[in-house]
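K.L.:
Input: one structure, supplied below.
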Amino acid sequence: MPTETTTTPRRVRAPLNGVDTPTLFGTLDVVKGQPDLAKFQFRARNRWQSGTLSETTISTFSGAGAEHAHKTTFKLSGDHPTVLVGEDRAPLPIEFLLHALATCITAGIANIAAARGVALREVESTIEGDIDLLGIFGMSRDVRNGYQGIRASFCIKGDAPPEKLQEIVEQSRARSAVFDVLTNGVPVSMSVNAG
């Protein structure tokens with residue numbers, strides 16, 4: 001007698017929290033069948049302007065088996081405040097790191113909540129990083145150049161019990177690429193063409 005198997009199709013959720021959940025689930029299903037589609041390379045090109053000001057251009061990336069161009073070319077500037085001999089024309093590069101952590105976890109929260117059918121009303125975060133500049137200034141070999149610690153505080157409100165909302169934030173933290181790079185490190189290679 002043949003064995004009969006029954007599969008239950010995944011319930012398709014309507015877009016929620018500004019997330020196109022049908023496309024999200026469709027993408028996950030395609031990647032399950034073709035894991036190589038999950039390999040991406042993101043790129044940034046930077047050019048010094050003057051003083052401590054530089055400008056980064058982000059326009060293309062590869063992934064899902066092809067080259068892609070963003071809908072627009074993004075230009076981001078970085079500078080130092082006047083107290084650190086800059087002209088304060090843009091955030092510090094180290095402040096962009098805080099921005100990257102906040103936006104990565106927040107995007108994950110929106111996606112995960114939508115996938116779980118939770119409508120969000122509010123998500124806010126405060127990210128603080130403590131740094132001792134004696135390391136950067138070369139005044140102490142005992143002080144690292146980067147942050148000694150980073151604290152992230154999230155406030156989330158939605159149509160789910162507090163414990164479920166906390167689970168959503170925790171799952172986003174656990175899947176955050178930026179959190180992973182900050183807490184586990186990543187090999188960085190650097191080359192110089194001087195002329």
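The values are calculated or read from the model by the stated rules, or taken from the named source; none is laboratory data. Note that the coordinates shown come from a computational prediction; the quantities given were computed from them, not determined experimentally. Methodologically, a virtual Cβ is constructed for each residue, glycine included, from the backbone with ideal geometry; neighbour enumeration extends over all protein chains shown. Only protein heavy atoms, including side chains, enter the accessible area calculation; ligands, DNA and RNA are left aside. Shrake-Rupley method; radii C 1.70, N 1.55, O 1.52, S 1.80 Å.
K.L.:
Name the pairs whose Cβ atoms lie under 7 Å apart, with the first residue in the range 20-41 and β-branched (Val, Ile, Thr), the second surrounded by 10 or more Cβ atoms within 10 Å (Cβ to Cβ) and assigned to a helix (DSSP H, G or I), and 6 or more positions between them or separate chains?
P.N.:
Thr21/Ala114; Thr21/Ala115; Val30/Leu37; Val31/Leu37; Val31/Ala38
K.L.:
Out of the residues in the range 160-174 meeting the condition of being assigned to a helix (DSSP H, G or I) and open to solvent by less than 50 Å² (accessible area, probe 1.4 Å), tell me which one is farthest from Ala110 (Cα to Cα).
P.N.:
Leu165
K.L.:
Given the criterion at pLDDT below 95 and at negative phi, identify the matching residue among Leu101, Leu37, Leu134.
P.N.:
Only one candidate passes the filter, namely Leu37.
K.L.:
Follow-up. Test Leu76 against the stated conditions and say whether it is at pLDDT 95 or above and touching a helix residue (DSSP H, G or I) at 6+ places or on another chain (Cβ under 8 Å).
P.N.:
When the stated conditions are applied, Leu76 passes them.
K.L.:
Give the residue that is most open to solvent (accessible area, probe 1.4 Å), with candidates limited to residues of the range 57-87 that are in contact with a Phe, Trp or Tyr (Cβ under 8 Å, 6 or more places away or on another chain) and more than 30 Å from Pro35 (Cβ to Cβ).
P.N.:
My answer is Leu76.
K.L.:
Quick check on the range 175-195: of everything there that is small (Gly, Ala, Ser) and either within 18 Å of Ile109 (Cα to Cα) or in a strand (DSSP E or B) (or both), which residue is most open to solvent (accessible area, probe 1.4 Å)?
P.N.:
Ala177
K.L.:
Another one. Take the range 111-158 and flag every residue that is in contact (Cβ under 8 Å) with a residue 60 or more places away in the chain and in a strand (DSSP E or B).
P.N.:
Leu120
K.L.:
Same structure, new question: Only one residue in Thr106, Thr73 is β-branched (Val, Ile, Thr) and not in a helix (DSSP H, G or I), so which one is that?
P.N.:
Going through Thr106, Thr73 in turn, just one is β-branched (Val, Ile, Thr) and not in a helix (DSSP H, G or I): Thr73.
K.L.:
Please work out if Arg47 is at pLDDT 95 or above, charged (D, E, K, R) and not in a strand (DSSP E or B).
P.N.:
no
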